[in-house]
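See structure below.
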Amino acid sequence: MMRTAAWNDWTVRAKCRGMNDALFPDAVDQKRAKVVCAGCPVRSECLAEALDNRIEWGVWGGMTERERRLLLRQRPDVRSWRSALNGEKVANQA
Ligand code: SF4
């Protein structure tokens with residue numbers, strides 16, 4: 001139950017909360033953003049949000065847009081990254 005609640009309101013626990021443009025840094029700041037993400041308690045939730053919504057810019061969940069594009073190409077079978085990263089059984093998983 002706690003886990004479900006955490007997934008529903010993950011942004012309130014974001015480590016970058018209150019940081020200007022922390023979620024969407026330009027290329028120069030992506031390394032700095034990834035360091036912030038490394039210690040974030042909602043990293044999985046954030047990454048799932050970006051992957052499930054095909055967000056193509058910025059660092060989300062510690063991954064750059066390029067890294068996320070590669071992951072999406074490698075795992076076209078994943079229909080819900082939220083479920084996959086939340087440890088739920090993923091439909092159509094090989
Ligand atoms: S994983 Fe990174 S971008 Fe996502 S909420 Fe946490 S600190 Fe922000």
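The values are calculated or read from the model by the stated rules, or taken from the named source; none is laboratory data. Given the structure is predicted, the values throughout are model-derived calculations rather than measurements. Because the Cβ atoms are built from the backbone with ideal geometry, glycine has one as well, and the counts that use them run over all protein chains shown. Heads up: the accessible areas ignore ligands, DNA and RNA and are worked out on the full protein's heavy atoms, side chains in. Shrake-Rupley method; radii C 1.70, N 1.55, O 1.52, S 1.80 Å.
If you go through the range 63-88 and pick out every residue that is at pLDDT below 95 and part of a loop (DSSP other than H, G, I, E, B), you end up with 4. In the condition set (1) assigned to a loop (DSSP other than H, G, I, E, B); (2) out of contact with any Pro (no Cβ under 9 Å at 6 or more places or on another chain); (3) modelled with pLDDT under 95, ARG54 is compliant with all but (3). In the range 7-27, the residue that is nearest to the ligand (Cβ to nearest atom) out of those that are at pLDDT below 65 and open to solvent by 90 Å² or more (accessible area, probe 1.4 Å) is PHE24.
Scan the range 28-73 for residues that are among the small types (Gly, Ala, Ser) and either open to solvent by 20 Å² or more (accessible area, probe 1.4 Å) or more than 9 Å from the ligand (Cβ to nearest atom) (or both) and jot them down. Those that are among the small types (Gly, Ala, Ser) and either open to solvent by 20 Å² or more (accessible area, probe 1.4 Å) or more than 9 Å from the ligand (Cβ to nearest atom) (or both): ALA38, GLY39, SER44, ALA48.
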